[in-house]
1. Going by a ≥ b ≥ c, the root eigenvalues of the Cα gyration tensor, does region 291-371 fall in the rounded group (a/c under 1.5), the prolate group (a/b larger than b/c) or the oblate group?
2. With unit charges on the beta carbons (Lys and Arg positive, Asp and Glu negative) and the dipole taken about the Cα centre of the chain, which residue among S53, A233, A358 sits farthest to the positive side?
3. Suppose all protein chains stay in the model; what accessible area per residue would a 1.4 Å probe give for region 68-219, in Å²?
4. Counting other Cβ atoms within 10 Å, which chymotrypsin sites (Phe, Trp or Tyr not before Pro) in region 16-46 have at most 16 and lie in a DSSP loop?
5. Per residue of the chain, what 222 nm ellipticity follows from adding -39500 (n - 2.57) for every DSSP H run with n ≥ 4, rounded to the nearest 500?
6. Can you give the relative contact order of region 70-358 as a percent, counting alpha carbon pairs under 8 Å and 6+ residues apart?
7. Calculate one ³J(HN,Hα) per residue across region 394-401 by plugging θ = phi - 60° into the Karplus curve 6.51 cos²θ - 1.76 cosθ + 1.60, and present them in order as whole Hz with x for glycine and proline.
8. What's the local net charge at R60, with K and R +1, D and E -1, over the other residues with C-beta under 15 Å away?
Amino acid sequence: MSDDLVLWRDARFASMAGVAPPWGWIERGALVAEGERIAWIGEEAALPAALASRVTREHRLGGAVVTPGLIDGHTHLVYAGERSLEFELRLQGARYEQIARAGGGIRSTVAATRAAPDATLLAATLARARALLREGVTTIEIKSGYGLALEHEARCLHVARAVGAALGVTVRTTCLAAHALPPEYEGRADDYIDAVCDWLPALHGRGLVDAVDAFCERIAFTPAQTRRVFDAARALGLPVKLHAEQLSDQGGAALAAGYGALSCDHLEYLSADGVRAMAAAGTVAMLLPGAYYFLRETRQPPVAALREAGIPIALATDHNPGSSPTLSPLLMMNMACQLFGLTPEEALRGFTAHGAQALGLAVSHGTLEAGKRADFTVWAVDHPRELAYGFGVNPCRRVVAGGLELHALPS
Ligand code: DI6
Ligand code: FE
């Protein structure tokens, strides 16, 4: 069976392929999609006649800027309820860590999530995913971590998989059962970690897990407990990633790098040793400016050291109800520039090529090149740097995932 050959022409591509020219720029570009894949991309004048003659449909883009579909590589999209009360309490002087220790925070979302009917949980998650798609996202990493019991974690991962199937976008699921201690394990964190290590083979056996994550922090799990979760992941051949050095330096990044982690995420308190270990392991630095901003953190991740070490920097929304209730990758690009000093090109690379690398998807996603997935976004801007420049504006006009245009993305 031969697929439709669809020509997208009269476009200016920020393909993000390679490092030169900047942005992987193609000034008078065309892209031919064959089914889900890119068959060809380049200057329109160079389109091979043999390929042009096989084109079955074409779209003219009027000189619009086209980028790879955005990749939101760190989200906690599956949960019920919201935490605006906690936001208010923090503005009255309470601290995030105090609220967490007092049983608020993550635990309150766990209670709401466990109580929500399946349909409610799926509908809430789908609505959030659609909001991301409206800003040009075509790949989403979705973590569990608000179930914290075998069947509840399974349900959350199942909802994540269902979102990918319903919306026609790539979803990678991550088991974050080691996110917080559920109330029934109060005072027994090591027993809970034993349970998590038992659940992993079952969840993986049900096809629900692409990677394993943990929250290594004073208010969550210790490095020794994190190690046990990673050993269980390794025994199953599953890649790991880590919430590391968000609120304090626990040496989590070096620990995760020792397991060949795909990414270490947050990293405000990353040490020089952590940088060295990540560079040696090829681990991606996933920066999350939304959580930094929303928790009013003041310590910035060591961007200059990351650059110097040649560590790829990815960006994501970290969407979650407690520390980053945003659904705007474009706002995260602006914050990464303004708060962390990234360049606009680094910001877009963080949501495309490097986002793909952080998910282990670099061969198929993240840049516009022949052979990769035809995932791209059409923007009403004159230059791709405008994506990081504006804030609170959404110039996304069309989104194509796997060669198919996503229509009807109402909230
Ligand atoms: N780090 C975070 O910032 C979120 N989870 C994590 O491991 C917070 C999640 C929440 O407060 O609900
Ligand atoms: Fe997170």
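1. It comes out oblate by the Cα gyration axes.
2. In the chain, that residue is S53.
3. Numbers: 5420 Å² over 152 residues.
Per-residue value: 36 Å².
4. none
5. Calculated mean residue ellipticity at 222 nm is -10500 deg cm²/dmol.
6. So the answer I get is 17 percent.
7. Along region 394-401, the couplings run 10, x, 5, 10, 9, 10, 10, 10 Hz.
8. Details: positive: R9, R12, R28, R57, R397, R398; negative: D10, E44, E58, E405.
Computed value for this residue: +2.
The values are calculated or read from the model by the stated rules, or taken from the named source; none is laboratory data. What you are looking at is a predicted structure, and each value in this text was computed from that prediction instead of being measured. Note that each Cβ is placed from the backbone with ideal geometry, even for glycine, and that neighbours are counted across all protein chains shown. Each accessible area value is taken on the protein alone, full model and side chains, heavy atoms only, with ligands, DNA and RNA left out. Shrake-Rupley method; radii C 1.70, N 1.55, O 1.52, S 1.80 Å.
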